[in-house]
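A quick write-up on the structure given underneath.
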Amino acid sequence: MSEIDDSIDRIANYREQLEQAPGTWPAKRVLADSIRQLMDCLCATDAPEEELLAIAAQVRESAERFQIQPRMTNLPGIAEGSLAGGMEMFMDRSPVVGRSNPLAPPVSLDPDHASKIVHGSVYFGRAYEGAPGCVHGGYVAATFDEALGLACVFSGVPGMTGEITVRYRKPTPLEVPLRLEARFDRQDGRKIYNSGELYAGDLLVAESSGIFISIEREKFEALRQAQLERQKKSANS
């Protein structure tokens, strides 16, 4: 089996197991969905001041309750699609695709081995508004970063973002199902060139190209160890 086949199979296995997330992750997903709903309501509410302050007190109480809970010291897998194949995948924490991260819409991405294309979908609610009725361009760019990064799997090596270029063809509408495609174009040494498009229906709203730099797998463990050392210093300070 080739490196590409192995990486794609690992992603497929991850997706099959996604609904059977271990431990408390299913509960975290439920909580993240509730926070997304809260964020969406807050951005468009016309509730009276006393109601807003009452809800704020409830949220503050929940946050204080969270602060005394134990914290994970060994985070599972990675939260970055471009590193797929370099480390074990578990992207629930991702700010783009993470189902347990309320910052994520979330974006759904599925690499198709046969076509060598990453197919994706996303629905941006009111919390992601930039221009009136439109998705903020920064979130469009982040979506491309994740999708093009995952397309590195078709090169056979993981990589980290070196450069992303986004061309905004049309305003990207809020509260409309969007679909995207991303693909591996070519590789030149350590540079991996990928590209993709974002559509609202059949309308092309944005396109992107990116350069990703392949990273040796041994460096991933160094990054993880550096993270653990920072956590230890923070806990002891």
*Once phi is turned into ³J(HN,Hα) by the Karplus curve 6.51 cos²θ - 1.76 cosθ + 1.60 with θ = phi - 60°, what whole-Hz value does each residue of the range 25-41 show in order, with x for glycine and proline?*
4, x, 5, 5, 5, 4, 5, 4, 4, 5, 5, 4, 5, 5, 4, 5, 5
*For Val205, enumerate residues with amide H under 5 Å from its amide H, sequence gap 5+ or separate chain, H modeled in the peptide plane.*
Leu198, Tyr199, Ala200
_Burial order of peptide ranges 22-35, 109-122 (average beta-carbon count within 10 Å, highest first)_ = 109-122, 22-35
*Mean Cβ count within 10 Å, highest first, over the residues of peptides 136-144, 149-157, 196-204*: 149-157, 136-144, 196-204
_Which listed pairs, of Lys28/Lys233; Lys116/Lys191; Lys191/Lys232; Lys28/Lys191; Lys170/Lys219, have C-alpha distances above 30 Å, in listed order_ = Lys191/Lys232; Lys28/Lys191; Lys170/Lys219
*Computed FRET value (nearest 0.05) for Thr45 with Glu216, which takes r as the C-beta separation and R₀ as 35 Å*: 0.10
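Any read-out appearing in this document is the output of simple, stated calculations on the displayed coordinates, not a laboratory observation. Since the structure is predicted, the reported quantities are computational estimates derived from the model, not experimental observations. Because the Cβ atoms are built from the backbone with ideal geometry, glycine has one as well, and the counts that use them run over all protein chains shown.
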